[in-house]
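Visitor: Below is a structure I'd like to ask you about.
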Amino acid sequence: MPLKRAKDVLEIEAAALKSLISRLDDNFKKAVSIITKCKGRVVVAGMGKTGIIGHKISATLSSTGTPSIFMHSAEAVHGDLGQVGREDVVILISSSGETEETVRLLPSLKKIGCKTIAMTGDLKSSLARYCDLVLNVGVDKEGCPLGLAPMASTTATLAMGDALAACLIDRKNFKQEDFAFFHPGGSLGRRLLLKVEDVMRKGRHFAVVATTTPVKEVLLEITAARCGSACIVDAKKKFVGIFTDGDLRRHLKEDEALLNREVSEVMTKSPLTIDKDRLAVEAFELLIQKKVDELPVVDCKNRLVGLLDVQDLLKAGLIR
């Protein structure tokens, strides 16, 4: 019984979403155009469960380049209407189109002079008749067995809001980098904004030695820096090679005098490096692709500026 009921609800909601496709018309295109040209904010208003959906629509718009706020219909008539200006666009949500608190806003909004868009399931309702544009989010049937709790209707409304947001992303040429700018604390922000320079090891936190340094001293430098390799620089401070734990093991097998040799004799020459201005996520992909744990970081003149370890990316939250 539970599985049958669950399947029924999902089928009802899927049908509601599919029916929206055939209803997309000139009003939808006009809504996208009006919001694109909006010099103010998109104010989304609603009550109850549709209000919760309105919150999400507003949040999606804000995070994708369209400034937006949510306004509770009941609070609006007690002062929150002061948030609305002439250059704003107000989206009013009501499945019936007759929600008292929402409909009551219309005379004031007309006086303010802002554009109004209704999201409703009744094209003959007060909301539909008095708003500038109407987006039809009506459903044939709710998922609720009692036919009381809004389920399919809220799903349809949410999807219509997503459709608007997606079109606005296209219209405004909104990019991943723009999205990351509004989400600097999230994993996406870290992936798209963090550069190698932001997370690499600097100064005394990685080992740097000259080409003439004996291997024995190189190992001491590596231990002091608590890393797995040493970066080798020439007399002009240009990066020329790296000496890793793997290099040590390979040469130690064949060369008893290894510890007294100059590191330039046994280092890996012209190893893989990464520019300090590259994205940290690109460095991670390179580490995985080449199966290495550390990357020397250089500037445009091949001067050594840091070392990136896979652990650094872990601490930065790029690896989970």
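The values are calculated or read from the model by the stated rules, or taken from the named source; none is laboratory data. All values reported here derive from a predicted model rather than from experimental measurement. Here Cβ is always computed from backbone atoms with ideal geometry, including for glycine, and neighbour counts include all displayed protein chains.
Visitor: Here is a list: 156, 165, 118. Which entry is in contact with a Ser or Thr (Cβ under 6 Å, 6 or more places away or on another chain) and either farther than 30 Å from residue 71 by Cβ or modelled with pLDDT of 90 or more (or both)?
Guide: Matching residue, one of 156, 165, 118: 165.
Visitor: Also, I was wondering about something else. Give the residue that is surrounded by the fewest Cβ atoms within 10 Å (Cβ to Cβ), with candidates limited to residues of the range 41-53 that are over 24 Å from the mean Cα position of the chain (by Cα) and not in a helix (DSSP H, G or I).
Guide: 47
Visitor: From 88, 26, which residue is loosely packed, with under 13 Cβ neighbours inside 10 Å and either among the acidic types (Asp, Glu) or in contact with a Lys or Arg (Cβ under 7 Å, 6 or more places away or on another chain) (or both)?
Guide: Answer to the selection: 26.
Visitor: Can you tell me which condition residue 242 does not meet? The list is (1) assigned to a helix (DSSP H, G or I); (2) farther than 17 Å from residue 197 by Cβ; (3) touching a residue at least 40 places away in the same chain (Cβ under 8 Å), and all the others hold.
Guide: Looking at each condition in turn, residue 242 falls short on (1).
Visitor: Going through 235, 283, 224 one at a time, which residue ends up being small (Gly, Ala, Ser) and outside any helix (DSSP H, G or I)? Let's see the steps before the verdict.
Guide: On the way: 283 fails: outside any helix (DSSP H, G or I); 224 fails: outside any helix (DSSP H, G or I).
Just a single option satisfies the conditions, and that option is 235.
Visitor: Sticking with this structure for a sec: With the checklist (1) surrounded by 13 or more Cβ atoms within 10 Å (Cβ to Cβ); (2) out of contact with any Leu (no Cβ under 6 Å at 6 or more places or on another chain); (3) under 19 Å from residue 163 (Cβ atoms) in hand, flag the one item residue 31 doesn't pass.
Guide: The number of the failed condition is (2).
Visitor: Go through the residues of the range 253-265 one by one and say whether even a single one is in a loop (DSSP other than H, G, I, E, B), within 22 Å of residue 305 (Cα to Cα) and not small (Gly, Ala, Ser).
Guide: no
Visitor: Just the residues that are within 19 Å of residue 227 (Cβ to Cβ), in contact (Cβ under 8 Å) with a residue 60 or more places away in the chain and surrounded by fewer than 19 Cβ atoms within 10 Å (Cβ to Cβ), please, taken from the range 277-302.
Guide: Correct list: 293 only.
Visitor: Regarding residue 258, is this residue closer than 26 Å to residue 315 by Cα, modelled with pLDDT of 85 or more, in the same structural domain as residue 218 (by TED's automatic domain parsing) and out of contact with any Gly (no Cβ under 8 Å at 6 or more places or on another chain)?
Guide: Criteria not met by residue 258.
Visitor: Any idea which of 258, 272 is in contact with a strand residue (DSSP E or B) (Cβ under 8 Å, 6 or more places away or on another chain), touching a residue at least 12 places away in the same chain (Cβ under 8 Å) and not β-branched (Val, Ile, Thr)? Break it down into steps so the answer makes sense when it comes.
Guide: On the way: 258 fails: in contact with a strand residue (DSSP E or B) (Cβ under 8 Å, 6 or more places away or on another chain).
None of the others qualify; the one that does is 272.
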